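Take a look at the structure set out below.
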Amino acid sequence: MITPAPTVGHSIVRRLDNAADLEDAATAIADNLLSIGRRVPPSDWLIVGGSLARGEPTFVRNEGKRVLLSDVDFLYVHSGQDPSIPAEKLIETAEQYFSVVDLMVLPLSGYRSIRTSLGYDFKNLGLPVTERGIPDHFRVELDARDAYEILLYYTQAYFWCGLHDSWLAGADTIQYHLVTNRLCMKILRATAMLDGAYAHHDFDRMAPHLAERMQAELRWRSDPDLPPMSVGRFWTYLADALARFDIEFGQPRADAVNHSRYATTSSGRIVARHHHAVHHLARAMTTAWPITGDPRALATVKHRVWAQYTGWDGTRAQPSPEEYFRRYKQEIHDHLLAMKVQAV
């Protein structure tokens, strides 16, 4: 039996202080989600994760209406050997309702095996939008490795989004500040996971300084017409995060794959290689940032360290960190998912 749209809508905004004011907007979103779910054959499942499953999506006002700003994350689980409906058709349908859609596809066996934050989102918190609900599964327990994977992923995103080049160019658009804000929240959330938080609104499970920073980010995100915060805070947050993870692990850790169940997978080794690249940059840049406090000086450190890492000798052009991570963005995304299915 499909859950009624008002019930789904209530779940979507349950963590927000103004949930009552968002009832109509949330119900409309729920109607759209259930409409997409009706496109899925009855033998399969469609599950919503991310901020909607956590009950904390972001809305902004646009012409007097509440508009969903958050991405919509779907997981399509198929019971047969192959999907019963092409993923492209589901994406096409979803994009009729939502501006930013991410759809992952897994067989039932893959769904049951995934752990990490991906499994937590789509198992522990997953919001079903098809009649079958959610497949039988074991609940996922998260650890420091899972949090560190998130930290490194969104540090990579800083580069493939080109935020540093935009910073140097004096970017001051709302879109630029929204992306910076989103990545800052991801860094804070990954750090807060070490103390048992998971959602952005788990303030009572965060260290006081993290809760204060997260609340400031959420306040601005809900009203991006407010003056933006300093762009350099990303590096302040990341420096604090790396220091906290060093304490947790007992030493600096170059990746979130080795010394884990994913280390023996072929996809895990690919993910680890990309982790090493961003970790090398992050260590040098977070060390330099408190000293320089200047984006141009930080860019100099970035170029120097990247040349050392890639072995550039001046005789051939090397891609910048932005070009590198942009080129491998899809590979990183695909192998992060694959290694979780490959692990036994």
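Taking each residue of segment 179-198 that is at negative phi and looking for partners that are surrounded by fewer than 24 Cβ atoms within 10 Å (Cβ to Cβ) and β-branched (Val, Ile, Thr) with beta-carbon atoms closer than 8 Å, six or more apart or interchain, yields Thr180/Val231; Lys186/Ile150; Arg189/Ile150; Ala190/Ile150; Met193/Ile150. Among the residues making up segment 74-128, a single one is in contact (Cβ under 8 Å) with a residue 60 or more places away in the chain, part of a strand (DSSP E or B) and within 14 Å of the chain's Cα centre (by Cα): Met104.
Here is the figure for segment 86-123: residues that are out of contact with any Phe, Trp or Tyr (no Cβ under 9 Å at 6 or more places or on another chain), under 14 Å from Pro135 (Cβ atoms) and either modelled with pLDDT of 95 or more or not polar (S, T, N, Q) (or both) total 2. Taking the criterion of being under 21 Å from Gln81 (Cβ atoms) and open to solvent by less than 30 Å² (accessible area, probe 1.4 Å), the residues of segment 109-138 that qualify are Gly110, Tyr111, Ile114, Phe122, Thr130, Pro135.
Kindly establish whether Asp31 is in a loop (DSSP other than H, G, I, E, B), open to solvent by 70 Å² or more (accessible area, probe 1.4 Å) and more than 30 Å from Ala216 (Cβ to Cβ).
So Asp31 fails the test.
Filter segment 6-28 for residues that are free of Cβ contacts under 8 Å to residues at least 40 places away in the same chain and hydrophobic (A, V, I, L, M, F, W, C); which is most open to solvent (accessible area, probe 1.4 Å)? Applying the filter and picking the extreme gives Ala20.
Restricted to helices (runs of 4 or more DSSP H) entirely inside segment 134-235, those with at least 3 residues that are in contact with a Pro (Cβ under 8 Å, 6 or more places away or on another chain) are 163-168, 174-192.
Given the condition in contact with a Lys or Arg (Cβ under 8 Å, 6 or more places away or on another chain), within 30 Å of Ile247 (Cα to Cα), in contact (Cβ under 8 Å) with a residue 24 or more places away in the chain and open to solvent by 50 Å² or more (accessible area, probe 1.4 Å), answer yes or no: does some residue in segment 145-152 qualify? Checking segment 145-152: not a single residue is in contact with a Lys or Arg (Cβ under 8 Å, 6 or more places away or on another chain), within 30 Å of Ile247 (Cα to Cα), in contact (Cβ under 8 Å) with a residue 24 or more places away in the chain and open to solvent by 50 Å² or more (accessible area, probe 1.4 Å). Cβ separations smaller than 7 Å between residues 6+ apart or across chains give the following pairs from segment 283-301 residues that are open to solvent by less than 60 Å² (accessible area, probe 1.4 Å) to residues that are among the charged types (D, E, K, R): Met285/Lys302.
When Ile36, Ile2, Ile91 are checked against the criterion of being farther than 27 Å from Lys186 by Cα, surrounded by fewer than 21 Cβ atoms within 10 Å (Cβ to Cβ) and of a type in the set (Val, Ile, Thr), Ile2 stands alone in meeting it.
Inspect segment 333-344 for any residue being at pLDDT below 95, more than 22 Å from the chain's Cα centre (by Cα) and farther than 27 Å from Met193 by Cα and give the result as yes or no. No, segment 333-344 contains no residue that is at pLDDT below 95, more than 22 Å from the chain's Cα centre (by Cα) and farther than 27 Å from Met193 by Cα. Does Gly162 count as out of contact with any helix residue (DSSP H, G or I) (no Cβ under 8 Å at 6 or more places or on another chain) and not hydrophobic (A, V, I, L, M, F, W, C)? Taking the combined requirement at face value, the residue does not satisfy it. Inside segment 40-73, residues that are of a type in the set (A, V, I, L, M), in a loop (DSSP other than H, G, I, E, B) and open to solvent by less than 20 Å² (accessible area, probe 1.4 Å) make up a count of 1.
The values are calculated or read from the model by the stated rules, or taken from the named source; none is laboratory data. Values in this document were obtained by computation on a predicted structure and should not be read as measured data. Ideal geometry is used to build each Cβ from the backbone, glycine not excepted, and the neighbour counts take in all protein chains shown. These area figures cover heavy atoms from the full protein model, side chains too; ligands, DNA and RNA do not enter into them. Shrake-Rupley method; radii C 1.70, N 1.55, O 1.52, S 1.80 Å.
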